[in-house]
Amino acid sequence: MKAFHPSFGTAPWPDGLRVLQLYAFPELPPGSALHTLLGDLRVALARLPVEPLPDHRAHITLDMVTDATADAVGPAERRDLADRVRGAVAGLGPIALQAGAPIAYRTGVRLDLHPDDRLAELQRLVRAAVHGARGPDSTAYPLGVLHMTAGYAHADTDTDAPAQLIHRVRPGHAAFTVRRIALVDVRWRRAPPAGSDTSVRQISWNTVETIPLDG
């Protein structure tokens, strides 16, 4: 496992740069299986050089606007983008998914998502809407298998130990529902976690527009 370095499209993401992205959000009520799974994963990851995401940062990345940074996209352009996405996903409805089992991958720990056919369709609709608003060259973000990241590695480490630790987390799978997506203004920065002087990458964002999938 290698230390995670965020990318702005296919280029390195400079520290502090703000970028517009589109995220899908899981329903995460206290006591739910996904809430328990993510909480137990954080306990396991505390023993590793992996910075876990808190519950309120749990998300599924759908796309990224890469033809301009967030500060260069004004209110009218943001409204147009959000309106086009809203129109594209209208009537799609909630998406039922299962998260897990946790996977130790190249730069962190992620949750596989299944069945992901409707989620992939949501991503295609979102990308088409972004292209409609900003043109076909506005999304250099490489699309891959959709997932939910549980934590990002902040130092190089052998992958075997994380794989063994997270395999013991139970429940290893959790059903959940996606009912909303959002256009978000995202920033990565280096900062020390609580009680540590080690600098790690931390994500934060402001929500520009929330778009419900169930109308």
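The values are calculated or read from the model by the stated rules, or taken from the named source; none is laboratory data. If you're wondering where the values come from, they're calculated on a predicted model, not measured in any experiment. Cβ atoms come from the backbone with ideal geometry, glycine included; neighbour counts cover every protein chain shown.
If we keep just the residues of the range 5-26 that are farther than 22 Å from H131 by Cβ and under 14 Å from the mean Cα position of the chain (by Cα), which is modelled with the lowest pLDDT? Spell out the reasoning first.
Kept after step one, since they are farther than 22 Å from H131 by Cβ, are these residues of the range 5-26: 5-6, 12, 14-17, 25-26.
Checking which are under 14 Å from the mean Cα position of the chain (by Cα) leaves us with 6, 25-26.
Working: P6: 95, F25: 98, P26: 98.
Residue satisfying both the conditions and the ranking: P6.
Checking the condition in contact with a helix residue (DSSP H, G or I) (Cβ under 9 Å, 6 or more places away or on another chain), surrounded by fewer than 21 Cβ atoms within 10 Å (Cβ to Cβ) and of a type in the set (G, A, S), which residue from A163, A150, A99, A128 passes?
Working: A163 fails: in contact with a helix residue (DSSP H, G or I) (Cβ under 9 Å, 6 or more places away or on another chain); A150 fails: surrounded by fewer than 21 Cβ atoms within 10 Å (Cβ to Cβ); A99 fails: surrounded by fewer than 21 Cβ atoms within 10 Å (Cβ to Cβ).
Among A163, A150, A99, A128, only A128 is in contact with a helix residue (DSSP H, G or I) (Cβ under 9 Å, 6 or more places away or on another chain), surrounded by fewer than 21 Cβ atoms within 10 Å (Cβ to Cβ) and of a type in the set (G, A, S).
Residue by residue, here is whether (1) surrounded by 16 or more Cβ atoms within 10 Å (Cβ to Cβ); (2) farther than 14 Å from L45 by Cβ; (3) modelled with pLDDT of 95 or more; (4) of a type in the set (K, R) holds:
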site: H173; (1), (2), (3), (4): yes, yes, yes, no
site: V178; (1), (2), (3), (4): yes, yes, yes, no
site: V186; (1), (2), (3), (4): yes, yes, yes, no
site: R201; (1), (2), (3), (4): yes, yes, no, yes
site: N206; (1), (2), (3), (4): no, yes, yes, no
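Pull out all pairs, ordered by first then second residue, where Cβ-Cβ is under 6 Å, the residues are six or more apart or on different chains, the first lies in the range 112-140 and is in contact (Cβ under 8 Å) with a residue 40 or more places away in the chain, and the second is surrounded by fewer than 18 Cβ atoms within 10 Å (Cβ to Cβ) and small (G, A, S).
From residues that are in contact (Cβ under 8 Å) with a residue 40 or more places away in the chain, the pairs are A140/G9.
Being touching a helix residue (DSSP H, G or I) at 6+ places or on another chain (Cβ under 7 Å) and closer than 29 Å to A88 by Cβ is the filter; apply it to the range 39-59 and report the residue that is surrounded by the fewest Cβ atoms within 10 Å (Cβ to Cβ).
D55
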